[in-house]
Amino acid sequence: MKVVVAIDGQQSADSVLQHVAERNYGPETQVHLIHVITPMFADTHVDGIPDVVADEKKEEKTVLDNLAKGLKDKLGITATSAILSGETASVIAEECKRLSADELIVPSHHRHGFSRLWFGSVADAIVDAAPCATLVLNLPQEHKH
């Protein structure tokens with residue numbers, strides 16, 4: 001089985017590792033971890049201004065590398081990883097097509113109300129664009145006071 005996993009930060013990586021362990025994906029499973037950076041004005045480096053894209057790439061590379069190590073150490077699954085750039089849903093769909101993925105795993109922040117209206121749902125867009133079965137993982141919600 002070929003599985004593409006879209007990761008957006010440590011919380012999503014932790015959820016994916018837990019999910020894969022609980023579902024008993026075997027060591028023959030081919031996992032490809034990806035993080036997509038949406039192009040924006042910050043893609044151009046300007047002296048004196050922090051390079052937020054480089055910082056994000058470095059941070060997410062560490063998350064992907066740690067998740068790949070966790071999959072290998074805990075489950076014997078060898079994972080590849082990539083940091084890609086473009087419109088999130090279309091980049092993930094293209095990566096699934098390129099790899100002939102059987103499944104896509106997408107963690108979701110589950111925004112509601114104004115937050116969902118303002119930011120939209122990236123997970124919804126990915127599900128609509130994906131050429132394969134897509135599993136949306138609910139990330140743990142913060143406790144509200």
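Amide H of Ser85 versus every other amide H placed in the peptide plane: which residues, excluding those fewer than 5 positions away on the same chain, fall under 5 Å?
Residues meeting the amide H criterion: Ile37.
Would you mind getting me the FRET efficiency between Ser85 and Asn138? Use the beta-carbon distance for r and R0 = 35 Å, nearest 0.05.
The computed FRET efficiency comes out at 0.85.
Using a 7 Å offset from the Cα along the Cα-to-Cβ direction at both Glu56 and Asn24, what is the distance between the two label points in nm, to one decimal?
About 3.9 nm, to one decimal.
Among the lysines, select those whose C-alpha is under 20 Å from the C-alpha of Lys57, and discard any that sit fewer than 8 residues away in the same chain.
Result set, ordered by chain and number: Lys69.
I need His35, His19 ordered by Cβ neighbour count within 10 Å, fewest first.
Fewest to most other Cβ atoms nearby, the residues stand as His19, His35.
Which aspartates and glutamates, on any chain, are close to Lys74 with Cα under 17 Å apart, when same-chain ones fewer than 8 places away are left out?
List returned: Asp14, Glu22, Glu28, Asp65.
What residues qualify as long-range amide H neighbours of Ile77, i.e. H under 5 Å apart, gap of 5 or more or another chain, H built at 1.01 Å from N?
Residues meeting the amide H criterion: Lys72.
Throughout, read-outs are computed from the coordinates displayed, never taken from laboratory work. Please read these numbers as outputs of a predicted model, since none were measured by experiment. Here Cβ is always computed from backbone atoms with ideal geometry, including for glycine, and neighbour counts include all displayed protein chains.
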